[in-house]
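Have a look at the structure below before the remarks.
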Amino acid sequence: MWDFVLSALRAAIPAGTPLLYGTLGEVTAERSGVLNLGVEGMMIVGAVTAFGVAHSTGSIWLGVAAAALMGGSLALVHAFASITLRVNQVISGLALTMLGLGLSGLVGRRYIGTPIRTRLVPLTIPGLRDLPVVGSLFFRYDPLVYLAIILVPVLWFIMYRTRWGITLRSVGESPATADAAGINVFLVRYLAVFFGGMMAGVGGAYLSVVYAPAWIEGMTAGAGWIVIALTIFAMWDPVRALLGAYLFGGVRVLQYRLQPLGISPNLLNMLPFAFTILVLLISSGGVVRKRIGAPAALMQPYTREER
Amino acid sequence: MNVPLHVRIQKRLAVPRWIELSTAIFSLLLALAVIAVLFRALGVNPIVAYRKIFRGAFGSLYGLSETTVKAIPLILAGAGLCVAFQARVYNIGAEGQLLIGAICATGLALAFPDLPAWLLLPGMFFVGFVGGALWASVPALLKARFHVDEVLSSLMMVYIASELVNYLVYGPWKGLSEMGFPYTDKFSPSAQLPRLFRTRIHYPTLILGLVLAALAYVLIHRTKWGFEIRVTGENPEAARYAGMNYLKTVLLVMLLSGGLAGLAGVGEVAGIHYRLRYPQGVSPGYGFTAVIVAWLAHLNPLAVIVTALLIGGLLVGGDAIQVALGLPVATIHLFNGVILLFVLGGELFTRYRIRLEWRRE
C-alpha cells in the first residue's frame with residue numbers, strides 16, 4: 001500500500017508539470033485582464049514544435065525554446081484579437097484552440113510513429129537522491145520539473161513584491177486607473193498574454209519531448225482546458241497553481257493505477273473532468289469570487305474613448 | 001512625430017445589413033486566403049486542395065447531398081447556440097449535449113425495437129431533446145445558482161459525455177453482431193429514419209431543423225422571452241432592474257440549446273449510422289463547428305441555415321482532401337479556427353466605422 005502511494009505521488013509530479021507551466025502562464029495573462037481559452041491550442045502547437053525541432057536538431061532544449069516561441073506567437077493572435085480589436089475573448093480563445101489543433105495535426109503528420117533519441121538526463125543531487133523516501137520523491141526528476149518549481153516563487157515575487165507586479169495587477173483590476181497613472185495598458189496586456197503563450201508552449205513541449213516522448217495527434221487531450229480551470233482553482237496565485245497542478249497530476253496518475261483493479265478506463269477518464277467541475281463549483285461561488293481575487297477587469301477589453 | 005494620415009474609429013449606431021453581409025463574405029475569403037498560405041508553407045498545394053474541396057462539396061449531386069447531410073446537425077445545434085449566445089450564455093458544450101441525445105435515442109431504440117416507427121422515431125427525438133437539455137442543465141444551474149463559469153463546465157461535460165459513449169459502446173451496449181467494433185447492434189428498421197432517394201439526407205431531421213431554426217428566430221425577435229434573452233445579453237444589470245428573472249433566462253437558453261444539440265445527435269444515430277458508435281464516429285465535432293456556424297450567422301437562426309450549408313460543404317471538402325491528399329482529420333480544425341478568427345475580426349468593421357483621414361497641418 002505504502003509503495004503504491006509513494007509511486008503514485010512520484011508519478012504525480014511529472015504528470016502535473018505540463019499543467020503547472022500552462023497554469024503559471026494563464027495566471028499571468030488573466031492577471032492582466034485577458035482570458036485566453038486558447039491554452040489547449042498553444043500547448044499542442046508547443047508539443048509538435050518541440051518534437052519537430054528536437055527530432056531534427058537532436059536537442060531537447062532547442063525544442064523547448066522553439067515551443068515557447070511558437071506558443072507565444074500563437075498567443076499574440078489572441079492578443080491582437082482581444083486587446084486591439086476588442087472581440088469576444090471566449091470565442092477568440094476557442095478559435096485559437098481550433099487553429100492550434102488543426103495546425104499541429106497538419107505539421108505533425110510526418111512525425112507520427114517516429115522516435116526521438118535524445119532524453120533529458122534526470123537532475124540528481126548526489127547524496128540527497130539516495131535518502132530514503134525523500135530522495136526518490138524530491139530529487140530524481142528531469143530539469144524541466146525543477147524549472148517549473150523554481151518559476152513558482154519567482155513569479156510570486158514578481159507579482160507581489162515588484163513594480164512590474166503592481167503594474168500587471170493594476171491593469172487587470174482597473175485599466176482606466178492604470179492608464180491615468182501613465183501605464184501602457186495595451187503593452188502590459190500584450191506582454192502578459194505573450195508570456196502565457198510561451199508557458200503553454202513549454203507545457204506542451206514537456207508532454208511531447210519528455211513525458212511521452214512521442215508525437216501523437218491530439219496528445220494534450222484536454223490538458224489545456226484543465227489549465228483554465230486550475231487558474232480559477234489557484235485563485236490566480238502561482239503558489240496555489242503548484243498545488244493544484246500536482247493534485248491534478250495525481251488524478252491523472254490514479255486513472256492508470258486504478259485500471260488493473262477492474263474499474264472501466266472510460267469511467268476513470270471522466271475523473272479529471274468531473275473533478276474540474278467540482279473545483280469550479282468550490283472556487284467560483286459568487287461572493288467568494290470577489291474575495292479570492294479574480295481580476296476585476298477580466299474579460300473586459302479596454303478602450304480609451306469609451307471610458 | 002506628426003503622421004498626416006490618421007485613423008478614426010467611431011462606433012456605429014446602426015449596422016446596415018449590406019455591411020454585415022459583405023464583411024462576413026470578405027472575412028471568409030480572407031480566412032481562406034490565409035489557410036492557403038499555411039497550406040503552401042506546409043507543403044500542400046493550396047490550389048489543388050481548394051479545387052478538391054469545392055468539387056467534393058458542391059461539384060456533384062452526391063457532393064451537394066453530403067453537404068446537406070452535414071448541414072443538418074449544424075443547423076439544429078447552431079440555431080440553439082444562437083439563442084444561448086444572444087443571452088451571452090456561452091454554451092460551448094453542444095458537442096456533449098449532442099452525444100447525450102444520441103445515447104438517449106439509442107437506449108430507446110435498443111430497448112423497444114418492436115415499436116412501430118411512427119411511435120418509436122418521435123420517441124427517440126423526444127428523449128434525445130430531453131437528454132441534451134438535461135445535460136445542459138448542469139452547467140446552467142451551476143452558472144445561475146453558483147456563478148460557475150458555463151464555458152468551462154459545459155466543456156468539461158463534453159469530455160464526460162464522450163467517455164460515457166466510449167464506456168457504452170465498449171462495454172454494456174457493445175453489439176454482438178459487430179465483430180469487435182466499438183458499435184452497438186444495428187437499430188431495428190422502425191428506429192431508422194427515412195432518407196431522400198438514394199442519398200443519406202434523413203429528411204425528417206432536416207425539416208425539423210428548418211422549422212426549429214425558424215421558431216428560434218421567432219422566439220428571439222417576436223416574443224417576450226426573446227426580448228428578455230436579448231436584454232439579459234446586452235445588459236444583465238438592466239435586465240435585473242426590470243424584474244427579469246436571470247435564473248429563468250439562463251436555464252431557458254441552456255435547455256433550448258442543449259435540447260436542439262440533442263436532436264442533432266438523434267439525427268446522426270437514427271438517420272446516418274443506425275447505431276451508436278465511438279464518439280468521433282457519431283460526430284466529428286459538429287457541436288464545436290456549430291459555434292462557428294452561429295457566429296458566422298451573427299447569431300441569427302435563419303442565417304444559420306445558410307452558414308451551416310457553407311460550413312457543411314467545407315466539412316465534405318475536408319473529407320475529400322483527407323482522402324486525396326492524405327491530410328489528417330485535424331486539418332478541418334484549422335479551417336474552423338482561422339475562419340472564426342477572421343469572422344471575429346471582421347466584426348470590428350460592423351461595429352465601428354473606420355476612416356482614414358488626411359490631417360491638414
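Just so you know, all these numbers are worked out from the coordinates, no wet-lab data involved. Computed from a prediction, not measured in an experiment: that's the story for all the values here. Glycine gets a Cβ as well: all are built from the backbone with ideal geometry, and neighbour counts include every protein chain shown.
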*Round to the nearest 10 and give me the degree value, 0 to 90, for the angle of helix B:94-111's Cα axis relative to the longest principal axis of chain B.*
20 degrees
_Kirkwood hydrodynamic radius of the protein assembly as shown, from inverse mean 1/r over distinct Cα pairs, in Å_ = 25.9 Å
*Among A:Ser174, A:Ser208, A:Gly197 - extreme Cα towards positive end, dipole of segment A:153-307, charges at beta-carbon*: A:Ser174
*From the P(r) of segment B:73-304, can you give the percent of Cα pairs sitting at distances over 30 Å?*
23 percent
*asked:* Among B:Gly59, A:Gly249, A:Leu187, whose Cα projects farthest towards the positive end of the dipole of the protein assembly as shown, with charges put on the beta-carbon of Lys, Arg (+1) and Asp, Glu (-1)?
replied: A:Leu187
*Taking the convex hull of the Cα atoms, report for segment A:187-273 its projected area averaged over all directions, in nm².*
6.7 nm²
*Using modelled amide H (1.01 Å from N, peptide plane; none on Pro or chain starts), what sits under 5 Å from the amide H of B:Tyr352, excluding residues fewer than 5 places away?*
B:Arg12
_Let me check against my output: what whole-number percent is the relative contact order of segment A:2-291, with C-alpha pairs under 8 Å and at least 6 apart?_
37 percent
_Magnitude of the charge dipole, chain B, Cβ model with Lys/Arg +1 and Asp/Glu -1, debye to 20_ = 960 debye
*Return the inverse of the average 1/r over all pairs of distinct C-alpha atoms in segment A:174-214, which is the Kirkwood hydrodynamic radius, in Å to one decimal.*
12.1 Å
*Expressed as a whole percent, how much of the Cα-Cα distance distribution for segment B:273-315 exceeds 16 Å?*
40 percent
*Note, ³J(HN,Hα) from phi for segment A:98-109, Karplus 6.51, -1.76, 1.60, rounded to Hz, x at Gly and Pro*: 4, 4, x, 4, x, 4, 5, x, 5, 5, x, 4
*Taking segment A:154-307 on its own, what percent of its Cα-Cα pair distances exceed 21 Å?*
56 percent
*Residue farthest toward the positive end of the dipole of the protein assembly as shown, with Cβ of Lys/Arg at +1 and Asp/Glu at -1: which of A:Ile149, B:Phe85, A:Ser32?*
A:Ser32
*Packing-wise, with mean Cβ within 10 Å as the measure, how do A:178-189, B:299-310 rank, highest first?*
B:299-310, A:178-189
*When you count, for each residue, the other Cβ atoms within 10 Å and take the mean per peptide, how do A:16-22, B:156-162, B:170-176, A:217-223 rank with the highest first?*
A:16-22, B:156-162, A:217-223, B:170-176
*What is the log10 of I(q)/I(0) for segment B:47-151, computed with the Debye formula using one identical point scatterer on each Cα and no solvent, at q = 0.10, 0.14, 0.19, 0.21 Å⁻¹?*
-0.45, -0.75, -0.97, -1.04
*Mind grabbing the base-10 log of I(q)/I(0) for chain A at q = 0.12 Å⁻¹? Debye formula, identical points on the C-alpha positions, no solvent, two decimal places.*
-0.78
*Ordered by packing density, taken as the mean number of other Cβ atoms within 10 Å over each peptide's residues, highest first, how do B:199-205, B:59-65, A:150-156 rank?*
B:199-205, A:150-156, B:59-65
*Using alpha-carbon positions, what is the distance between the centroids of segment A:172-240 and segment B:209-282, in Å?*
32 Å
*asked:* Per residue of segment B:227-238, what does 6.51 cos²θ - 1.76 cosθ + 1.60 with θ = phi - 60° give for ³J(HN,Hα)? Whole Hz please, x for Gly and Pro, Karplus curve as stated.
replied: 4, 5, 4, 5, 5, 4, x, 6, 7, x, 5, 4
_Vicinal HN-Hα couplings computed from phi for segment B:266-277 (Karplus, 6.51 cos²θ - 1.76 cosθ + 1.60; Hz; Gly/Pro x)_ = 4, x, 5, 6, 8, x, 10, 8, 6, 6, 8, 10
